[in-house]
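The values are calculated or read from the model by the stated rules, or taken from the named source; none is laboratory data. Remember, predicted model here, so these are calculated numbers, not experimental data. In this analysis, Cβ positions are derived from the backbone assuming ideal geometry, glycine residues included, and neighbour counts consider all displayed protein chains.
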Amino acid sequence: MNHFLSTAELSRDDLGSLLRSAAQYKAGRRQTGELAGRSVALVFLNPSLRTRASMQIAVYELGGNPVLIEPGATSWSIEYRENVVMDSDKTEHLAEFVRVLSRYVSAIGVRTFAEMKNWELERTDPVLSAFARYATVPVINLESAMHHPCQSLADMLTIRERYGEERKRVLLTWAWHPKALPMAVPNSFALAAAQCGHDLVIAHPDGYGLDPELMHAIGTHAELNGGSVEVVNDPEKGFEGADVVYAKSWAPPPFYGRPDAVHSAEQRDKWIVNADKMALTANGVFLHCLPVRRNVIATDEVLDSPNSLIIDEAENRLHVQKAILASLVK
Amino acid sequence: MNHFLSTAELSRDDLGSLLRSAAQYKAGRRQTGELAGRSVALVFLNPSLRTRASMQIAVYELGGNPVLIEPGATSWSIEYRENVVMDSDKTEHLAEFVRVLSRYVSAIGVRTFAEMKNWELERTDPVLSAFARYATVPVINLESAMHHPCQSLADMLTIRERYGEERKRVLLTWAWHPKALPMAVPNSFALAAAQCGHDLVIAHPDGYGLDPELMHAIGTHAELNGGSVEVVNDPEKGFEGADVVYAKSWAPPPFYGRPDAVHSAEQRDKWIVNADKMALTANGVFLHCLPVRRNVIATDEVLDSPNSLIIDEAENRLHVQKAILASLVK
Amino acid sequence: MNHFLSTAELSRDDLGSLLRSAAQYKAGRRQTGELAGRSVALVFLNPSLRTRASMQIAVYELGGNPVLIEPGATSWSIEYRENVVMDSDKTEHLAEFVRVLSRYVSAIGVRTFAEMKNWELERTDPVLSAFARYATVPVINLESAMHHPCQSLADMLTIRERYGEERKRVLLTWAWHPKALPMAVPNSFALAAAQCGHDLVIAHPDGYGLDPELMHAIGTHAELNGGSVEVVNDPEKGFEGADVVYAKSWAPPPFYGRPDAVHSAEQRDKWIVNADKMALTANGVFLHCLPVRRNVIATDEVLDSPNSLIIDEAENRLHVQKAILASLVK
């Protein structure tokens with residue numbers, strides 16, 4: 001079964017082909033028939049605006065029928081572990097949930113955030129993996145514990161729209177946030193930037209590094225595609241000469257299982273993206289996956305500047321998802 | 001940008017033209033193509049039956065795709081104030097929320113009730129105004145703190161179906177309710193009745209008057225269109241000779257910011273619409289926006305009488321909304 | 001008005017005709033036009049996966065527009081009793097809710113579980129009955145306090161797919177569950193099995209019998225259609241020679257009004273469906289309406305065996321519902 005779980009599974013050609021297809025959908029936006037008469041399940045275990053709206057619209061614009069499912073709310077709570085005696089709070093097993101949906105629909109999109117409880121478990125993306133294991137139709141990752149590939153494809157399209165296919169200096173920079181957030185977005189962004197052969201700089205406080213195994217894969221992709229990877233712990237250093245600034249908060253593994261853990265308050269002003277930091281870049285553009293907390297992650301001045309591409313980036317979610325859906329459902 | 005926020009922005013011609021268009025949609029109900037291939041976002045910050053169902057169906061019957069969004073539930077909680085440091089409970093700013101949606105859809109409907117906390121602020125309809133300010137597609141008010149223009153157009157259509165375009169004696173009468181309710185429905189009904197040139201009587205307990213600035217606008221519209229406005233505090237007086245009785249509970253400004261404030265119990269029997277009061281009218285019809293608490297706002301006898309047009313009125317929501325959507329999205 | 005509330009209202013011919021229609025929809029799955037331009041309301045007062053997804057898809061595949069309504073959540077809370085003074089927690093009366101929806105849509109599906117509070121009341125299916133009484137379009141029961149006819153039609157189709165129209169030995173067997181569950185599924189399964197002329201065995205602990213009036217009707221249908229009904233209290237006995245094993249937990253009348261009532265723990269191992277019990281059957285197939293608690297109702301070994309038809313059974317929900325919708329909406 002051909003799933004879309006992360007960009008790691010895509011060759012550089014696959015990736016380029018999806019981005020070209022997305023650009024074509026964007027250029028000539030109209031209703032087409034790739035999904036005519038077909039339904040696509042969109043399973044949300046977590047809140048969503050862009051993903052929820054843009055996936056519904058992507059399915060509709062391809063001629064199909066989006067079916068939203070919210071386990072634990074309008075639908076049953078689900079168990080994913082095997083060989084479990086289900087006498088507790090979970091009502092339905094993914095073994096049935098996913099196999100039944102596979103009979104009804106032509107593809108299944110699923111959002112399942114990290115619970116931030118058990119790093120060793122969650123870094124393996126157990127819920128998403130169970131979906132993929134049981135499904136007999138393609139599964140699309142709409143953000144899992146470890147990856148958000150629809151987002152990173154939209155990010156890459158947005159960079160290409162500005163700079164073409166050139167190798168660019170791309171900064172992924174950590175930011176303070178009142179809550180501990182998962183790593184799916186920075187993981188997928190860093191991976192895709194490496195796959196596109198950019199010079200990637202990752203800036204974060206000491207101890208906030210991404211998953212070592214993933215960092216190894218990112219390094220391999222960078223090398224293969226003529227790019228590079230650099231990690232810095234100085235909040236200003238990454239901005240120097242950057243063509244792209246991608247801001248995102250995340251919590252490293254030691255935060256998992258500690259629901260009250262917060263980032264140190266002194267990091268707040270130190271890491272916020274403001275005009276002073278943007279002035280260090282090569283007239284760089286600003287990206288963020290949204291939702292963004294204004295004047296916490298980045299200042300109003302940065303978010304509302306002409307170099308802020310956040311709205312284009314969100315729009316591109318729609319176009320890349322049409323390309324992904326069309327490539328999976330034949 | 002051409003929004004639909006209240007009927008205040010419409011000329012009498014515009015209003016007449018929307019009502020004629022609605023009547024045509026009602027007469028020949030079938031699927032048409034005004035919204036073919038297009039999506040419309042329906043943003044609900046509050047519960048809804050009629051608006052939610054009838055807007056979905058209106059978009060579908062015009063050939064389009066309704067996309068429901070529930071901030072704070074299935075979607076993120078939203079901030080609308082400018083220049084705020086977003087380090088508290090709000091996750092996304094309307095500046096992004098609305099600009100992103102504008103890229104995905106051809107129109108945005110939004111329901112955002114009064115919070116009943118701060119009259120001076122809420123009377124300016126701050127959330128709806130922010131939607132209109134940020135949107136680059138038409139915004140449709142699906143009930144805001146101060147207005148419910150889809151409802152008042154449906155009300156006017158229902159009156160026309162019964163009486164034609166004649167000037168009629170139209171009573172808006174307050175009713176007791178266990179909770180303090182917003183003023184959007186009475187505001188919009190009174191405004192539209194004045195714009196249609198009716199003789200409007202507003203009956204309410206002393207101290208329950210509508211917003212003075214709005215009352216001034218209502219007076220101006222009445223004068224311009226050959227009608228009149230009268231306010232009475234006697235529960236029986238308004239019924240005398242009325243052709244239309246519109247019952248609705250609302251809470252006046254002093255209730256804002258006092259979550260436990262309730263209407264005095266003695267007003268309950270005094271203001272309920274019953275057969276005795278209806279007997280004072282000129283065989284008048286009964287209207288209510290629904291949902292209606294039976295035997296609290298009006299008795300079963302009134303609600304189930306042949307003169308009760310509440311179901312026609314609710315049906316007309318669908319038809320006027322098709323007319324509104326078709327007029328906004330070209 | 002022609003509603004679909006239980007199979008009791010169907011002749012054996014009607015039932016056969018629906019099953020043949022369902023088989024045809026399954027054989028040639030494509031989008032058709034029976035509901036073109038029409039909307040169908042799907043009202044959920046309780047959670048749902050299969051019903052919610054499969055009804056949405058059924059309506060779409062017939063060319064129509066499904067409209068989901070969740071009273072008490074995204075919509076208002078509803079009152080169904082007549083002559084009530086609505087000054088408490090219920091916001092809208094079914095008298096309005098259903099009559100308004102009837103103006104918007106071509107059919108209304110409704111899920112309204114037993115509340116497990118008052119057996120004498122709930123056994124009359126008061127909420128579903130009120131929907132049927134007020135509706136001016138067909139009402140489809142998507143599981144009520146007493147019946148789940150869409151499920152039992154899917155069950156019968158699944159049995160026919162395996163065995164044709166032959167008379168079979170069909171076991172409905174009770175199972176332990178951590179919560180007290182309603183009787184709609186066993187009621188409807190037993191009724192439909194009798195209507196199809198099978199030899200029905202119902203196995204349950206002493207004191208767990210189905211509603212006596214319903215049991216009488218089941219007996220009458222069995223006799224009329226050349227089948228039989230037997231009740232046993234021995235967990236093994238029912239399995240002997242069974243062609244079909246249908247497992248389901250339910251709570252009998254004494255559990256109503258006792259929210260903390262639980263099934264005795266010793267029944268757990270005694271009644272679970274496992275390989276040993278299945279070995280007593282005539283190579284029987286295993287059915288369950290889902291969601292199923294693994295290793296509580298039935299073991300993994302049974303659920304994952306080749307004789308387990310639970311996924312086919314769930315798929316058949318879609319096909320029978322298309323047949324039902326098409327038969328009701330002309």
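Inspect all residues belonging to the stretch A:132-150 and state whether any of them is surrounded by fewer than 22 Cβ atoms within 10 Å (Cβ to Cβ), modelled with pLDDT under 95 and at the interface with chain C (Cβ under 10 Å from one of its Cβ atoms). No, every residue in the stretch A:132-150 fails to be surrounded by fewer than 22 Cβ atoms within 10 Å (Cβ to Cβ), modelled with pLDDT under 95 and at the interface with chain C (Cβ under 10 Å from one of its Cβ atoms).
Just checking, does the stretch B:33-40 include any residue being in contact with a strand residue (DSSP E or B) (Cβ under 6 Å, 6 or more places away or on another chain), outside the structural domain of B:Arg162 (by TED's automatic domain parsing) and either not aromatic (Phe, Trp, Tyr) or not in a loop (DSSP other than H, G, I, E, B) (or both)?
As a first pass, look at the stretch B:33-40 and keep what is in contact with a strand residue (DSSP E or B) (Cβ under 6 Å, 6 or more places away or on another chain): B:39-40.
With outside the structural domain of B:Arg162 (by TED's automatic domain parsing) added as a condition, the list becomes B:39-40.
Then drop every residue that is not either not aromatic (Phe, Trp, Tyr) or not in a loop (DSSP other than H, G, I, E, B) (or both), which leaves B:39-40.
Yes, the conditions are met somewhere in the stretch B:33-40.
Does the stretch C:6-17 contain any residue that is under 17 Å from A:Leu42 (Cβ atoms), touching a Ser or Thr at 6+ places or on another chain (Cβ under 9 Å) and buried (at least 19 other Cβ atoms within 10 Å of the Cβ)? Within the stretch C:6-17, not a single residue is under 17 Å from A:Leu42 (Cβ atoms), touching a Ser or Thr at 6+ places or on another chain (Cβ under 9 Å) and buried (at least 19 other Cβ atoms within 10 Å of the Cβ).
For the stretch A:91-115, how many residues are more than 8 Å from chain C (Cβ to nearest Cβ), surrounded by 20 or more Cβ atoms within 10 Å (Cβ to Cβ) and part of a loop (DSSP other than H, G, I, E, B)? Residues in the stretch A:91-115 being more than 8 Å from chain C (Cβ to nearest Cβ), surrounded by 20 or more Cβ atoms within 10 Å (Cβ to Cβ) and part of a loop (DSSP other than H, G, I, E, B): 3 in total. With respect to the conditions (1) surrounded by 20 or more Cβ atoms within 10 Å (Cβ to Cβ); (2) under 30 Å from A:Val302 (Cβ atoms); (3) of a type in the set (D, E, K, R), B:Glu122 lacks only one, and its number is (2). Report, by residue number, each residue of the stretch B:116-153 that is assigned to a helix (DSSP H, G or I), touching a Ser or Thr at 6+ places or on another chain (Cβ under 8 Å) and of a type in the set (Gly, Ala, Ser). B:Ser152 - this is the single residue of the stretch B:116-153 that is assigned to a helix (DSSP H, G or I), touching a Ser or Thr at 6+ places or on another chain (Cβ under 8 Å) and of a type in the set (Gly, Ala, Ser). Residue under question is C:Arg52, and the condition is that it be among the charged types (D, E, K, R), surrounded by 23 or more Cβ atoms within 10 Å (Cβ to Cβ) and either more than 22 Å from B:Arg317 (Cα to Cα) or at the interface with chain B (Cβ under 10 Å from one of its Cβ atoms) (or both); does it hold? Answer is yes for this residue. Of A:Phe44, A:Phe97, all but one fail to be among the aromatic types (Phe, Trp, Tyr) and touching a residue at least 60 places away in the same chain (Cβ under 8 Å); the exception is A:Phe44.
If you go through the stretch C:269-302 and pick out every residue that is away from chain A (no Cβ under 12 Å) and among the acidic types (Asp, Glu), you end up with 1. Scan the stretch A:230-242 and give yes if some residue there is within 14 Å of chain B (Cβ to nearest Cβ) and modelled with pLDDT of 95 or more, otherwise no. No, there is no match, as no residue in the stretch A:230-242 is within 14 Å of chain B (Cβ to nearest Cβ) and modelled with pLDDT of 95 or more. Annotation: of all residues in the stretch C:133-148 being among the hydroxyl-bearing types (Ser, Thr, Tyr) and over 15 Å from the mean Cα position of the chain (by Cα), the one that is nearest to C:Ile324 (Cα to Cα) is C:Thr136.
May I ask you to say which residue of B:Asp276, B:Asp312, B:Asp260 is charged (D, E, K, R) and touching a helix residue (DSSP H, G or I) at 6+ places or on another chain (Cβ under 8 Å)? Before you say what the answer is, go through the steps one by one.
Numbers: B:Asp276 fails: touching a helix residue (DSSP H, G or I) at 6+ places or on another chain (Cβ under 8 Å); B:Asp260 fails: touching a helix residue (DSSP H, G or I) at 6+ places or on another chain (Cβ under 8 Å).
Of B:Asp276, B:Asp312, B:Asp260, the one residue that is charged (D, E, K, R) and touching a helix residue (DSSP H, G or I) at 6+ places or on another chain (Cβ under 8 Å) is B:Asp312.
With respect to C:Met156, determine if the residue is surrounded by 23 or more Cβ atoms within 10 Å (Cβ to Cβ) and either free of Cβ contacts under 8 Å to residues at least 40 places away in the same chain or assigned to a helix (DSSP H, G or I) (or both). Can you show your working first?
Details: surrounded by 23 or more Cβ atoms within 10 Å (Cβ to Cβ): yes; either free of Cβ contacts under 8 Å to residues at least 40 places away in the same chain or assigned to a helix (DSSP H, G or I) (or both): yes.
Taking the combined requirement at face value, the residue satisfies it.
If you check A:Gly64 against the conditions, is it over 25 Å from the mean Cα position of the chain (by Cα) and over 26 Å from A:Pro259 (Cα atoms)? Spelling it out, it is not the case that A:Gly64 is over 25 Å from the mean Cα position of the chain (by Cα) and over 26 Å from A:Pro259 (Cα atoms). Considered as a group, the residues in the stretch A:23-43 that are touching a helix residue (DSSP H, G or I) at 6+ places or on another chain (Cβ under 8 Å) and within 9 Å of chain C (Cβ to nearest Cβ) include one that is surrounded by the fewest Cβ atoms within 10 Å (Cβ to Cβ), and that residue is A:Gly37.
For the stretch A:273-285, residues that are within 22 Å of B:Arg81 (Cβ to Cβ) and either surrounded by 20 or more Cβ atoms within 10 Å (Cβ to Cβ) or outside the structural domain of A:Thr173 (by TED's automatic domain parsing) (or both) total 1.
Of all residues in the stretch C:70-84, exactly one satisfies the criterion of being more than 7 Å from chain B (Cβ to nearest Cβ), of a type in the set (A, V, I, L, M, F, W, C) and part of a loop (DSSP other than H, G, I, E, B), namely C:Ala73.
Anything in the stretch A:47-63 that is without any contact (Cβ under 8 Å) to a residue 60 or more places away in the chain and out of contact with any helix residue (DSSP H, G or I) (no Cβ under 8 Å at 6 or more places or on another chain)? List them, or say none. Of everything in the stretch A:47-63, those that are without any contact (Cβ under 8 Å) to a residue 60 or more places away in the chain and out of contact with any helix residue (DSSP H, G or I) (no Cβ under 8 Å at 6 or more places or on another chain) turn out to be A:Pro47, A:Arg52, A:Gln56, A:Tyr60, A:Gly63. The residues in the stretch B:15-41 that are more than 30 Å from B:His221 (Cα to Cα), in contact (Cβ under 8 Å) with a residue 12 or more places away in the chain and not β-branched (Val, Ile, Thr) can be counted, and the count is 11. Taking (1) at the interface with chain A (Cβ under 7 Å from one of its Cβ atoms); (2) surrounded by 22 or more Cβ atoms within 10 Å (Cβ to Cβ) in turn, B:Asp87 satisfies each apart from (2). With respect to (1) in contact with a Pro (Cβ under 9 Å, 6 or more places away or on another chain); (2) away from chain C (no Cβ under 14 Å); (3) more than 19 Å from A:Leu157 (Cβ to Cβ), the lone exception for A:Asn46 is condition (1). Of all residues in the stretch C:160-198, those that are of a type outside the set (Gly, Ala, Ser) and either within 14 Å of chain A (Cβ to nearest Cβ) or not in a helix (DSSP H, G or I) (or both) total 20.
The numbered conditions (1) in contact with a helix residue (DSSP H, G or I) (Cβ under 6 Å, 6 or more places away or on another chain); (2) surrounded by fewer than 21 Cβ atoms within 10 Å (Cβ to Cβ) are all true for C:Gly226 except (1). Of the residues making up the stretch B:303-328, those that are of a type in the set (S, T, N, Q) and either away from chain C (no Cβ under 12 Å) or crowded, with 24+ Cβ neighbours inside 10 Å (or both) are B:Ser305, B:Asn307, B:Asn316, B:Gln321, B:Ser327.
Taking first residues from the stretch B:111-126 that are not assigned by TED's automatic domain parsing to the domain that holds B:Asn187 and partners that are aromatic (Phe, Trp, Tyr) and at pLDDT 95 or above, the Cβ contacts under 8 Å between residues at least 6 apart in sequence or on separate chains come to B:Thr112/B:Phe131; B:Ala114/B:Tyr256; B:Met116/B:Phe255; B:Met116/B:Tyr256; B:Lys117/B:Tyr256; B:Asn118/B:Tyr256; B:Trp119/B:Tyr256; B:Glu122/B:Tyr256.
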